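> Okay, here's the structure, questions in a sec.
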Amino acid sequence: MAHSDGITKPKTRRSKRFLETREPKLLENVKNAMIMKGGNSSQTVTQALKDIYSLKKPSAVLYKKKNITRPFEDSTSLEFFSKKSDCSLFLFGSHNKKRPNNLIFGRLFDFHVLDMIELGVEKFISLSEFKISKCPEGTKPMLVFAGEAFEIDNELKRLKSLLIDFFRGPTVPAVRLAGLEHVLHFTAVDGKIYLRSYRCLLKKSGCRTPRIELEEIGPSLDLVLRRTHLASDDLYKLAHKQPKALKPKKKKNISHDAFGTKFGRVHMQKQDLSKLQTRKMKGLKKRKREVVVEEEQSSEPKVAKTEN
């Protein structure tokens, strides 16, 4: 590839195809995540990274080698790996005496760090400890967030948005009932975040709608919020900006209520209700005598009044 005035020009067809996959699109690809561990990591952190990678597959890249970096102090290495692997999400695991069993969830905008939230693992149960059948790889999960803290606290609001970005999976036009297998449940209570993973079982209920049971399949994590690095409001708004081509065109005289019901307004000319044809009833018909009297009254000549 040739570089001139900051513009990369391809020399071969292969490099041209590569640049076409990286160029901006109206409908972006599925967000990939890179999962890596720092210079020091415990067995808990390593296994947690592997389990989260298994939930995120195939839209994830797992780095097995150690990366000696500190994201909150210097994020240049994360931005470099992000550009190299075309990932806009990352999960970084580390362990030290001051912050044991550390997980950092983050996302990038234009290959620069947008948000980073540090979570500490207090309790962890891995996938392998649940001796039951698991969901197939690549299953799109249903995300459930419980707790008022996700709606009140600004940091937990941003964490909720980050977790949705991380685990949402591909955008699909339709969903079949049998495909709703995997549930990820996040609960915020007493300053802690509980992550649980369930498999959805459809049982017979005697009617058309099946009875639903949840079976925990792991992993299970008890997390506590530590440090945060949040984007400014202006940068956050810029990151959510959509191109004009994706914005739906406003249709005139059409509105929707809070329940999604569609209403249309029809413009008509002014109606003359006196000419409106109504249902004829025998009881309202005029008799012949009344018709004759009315005709006689209308036929009498009008006499002009004179003043004496």
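The values are calculated or read from the model by the stated rules, or taken from the named source; none is laboratory data. Model, not experiment: these values are computed from the prediction. Cβ placement follows ideal geometry from the backbone for every residue including glycine, while neighbour counts extend to all protein chains displayed. What goes into the accessible areas is simple: the full protein's heavy atoms, side chains included, and nothing from ligands, DNA or RNA. Shrake-Rupley method; radii C 1.70, N 1.55, O 1.52, S 1.80 Å.
> List residues of the stretch 88-108, by number, whose backbone nitrogen lies under 19 Å from a label position 7 Å along Cα→C-beta of residue 73.
Answer for this model: 92-105.
> Taking the Cα centre of the chain as origin, work out the dipole magnitude from +1 charges on Lys and Arg Cβ and -1 charges on Asp and Glu Cβ, in debye rounded to 20.
Taking the Cα centre of the chain as origin, the dipole is about 1500 debye.
> If you roll a 1.4 Å probe over the chain with all protein chains in place, what percent of the accessible area is carbon or sulfur?
Values: 11960 of 22920 Å².
Answer for the chain: carbon and sulfur cover 52 percent of the accessible area.
> Further question on the same structure: Which order, highest average first, do 145-151, 110-116 follow once you tally other Cβ atoms within 10 Å for each residue and take the mean per peptide? Write down the numbers at each step before the final one.
Working: 145-151: 15.4, 110-116: 17.6.
Per-residue Cβ counts within 10 Å, averaged per peptide and sorted highest first, yield 110-116, 145-151.
> Same structure, new question: Less than 16 Å apart at the alpha-carbon level, and either on another chain or at least 8 residues along: which lysines does that give for residue 25?
In chain and number order, the partners are 16, 241, 244, 247.
> Considering all projection directions equally, how large on average is the shadow of the alpha-carbon convex hull of the chain, in square nanometres?
Working: hull surface 155.9 nm².
It is 39.0 nm².
> Write out the trypsin sites (Lys or Arg not before Pro) in the stretch 1-88 meeting two conditions: DSSP loop, and at most 13 other Cβ atoms within 10 Å of their Cβ.
Details: sites: 11, 13, 14, 16, 17, 22, 25, 31, 37, 50, 56, 64, 65, 66, 83, 84; in loops: 11, 25, 31.
Those satisfying the criteria are 11, 25.
> Considering the chain as a Gaussian network with a 10 Å cut-off on Cα pairs, which listed residue, 274, 197, 128, attains the greatest mean-square fluctuation?
Its mean-square fluctuation being the largest, the pick is 274.
> What is the spin-label model distance, in nm, from residue 178 to residue 53 if the labels are put 7 Å beyond Cα along the C-beta direction?
Modelled inter-label distance: 3.2 nm.
> Also, I was wondering about something else. Summarise the long-distance tail of P(r) for the stretch 29-83 by giving the % of C-alpha pairs beyond 14 Å.
On the way: 843 of 1485 pairs.
Considering the stretch 29-83, 57 percent of its Cα-Cα pairs are separated by more than 14 Å.
> Most fluctuating residue of 225, 89, 19 in a GNM of the chain with Cα springs under 10 Å: which is it?
Of the options given, 19 has the highest mean-square fluctuation.
> Once every DSSP H run of n ≥ 4 in the chain is given -39500 (n - 2.57) and the sum is divided by its residues, what mean residue ellipticity at 222 nm do you get, rounded to the nearest 500 deg cm²/dmol?
Estimated from H runs of four or more residues: -7000 deg cm²/dmol.
> Treating cross-link reach as a plain straight distance, find the aspartates and glutamates whose alpha-carbon is under 18 Å from the alpha-carbon of residue 203, omitting any fewer than eight places away in the same chain.
181, 213, 215, 216
> Distance check, please: which entries in 131/204; 57/97; 37/83; 56/97; 37/237 exceed 26 angstrom between their Cα atoms? List each step's numbers first, then the result.
Details: 131/204 24 Å; 57/97 31 Å; 37/83 18 Å; 56/97 29 Å; 37/237 30 Å.
Over 26 Å apart, Cα to Cα: 57/97; 56/97; 37/237.
> Sticking with this structure for a sec: Roll a 1.4 Å probe over the protein chains and send me the accessible area per residue for the chain in Å². Working shown, then result.
On the way: 22920 Å² over 308 residues.
Per residue, the chain has an accessible area of 74 Å².
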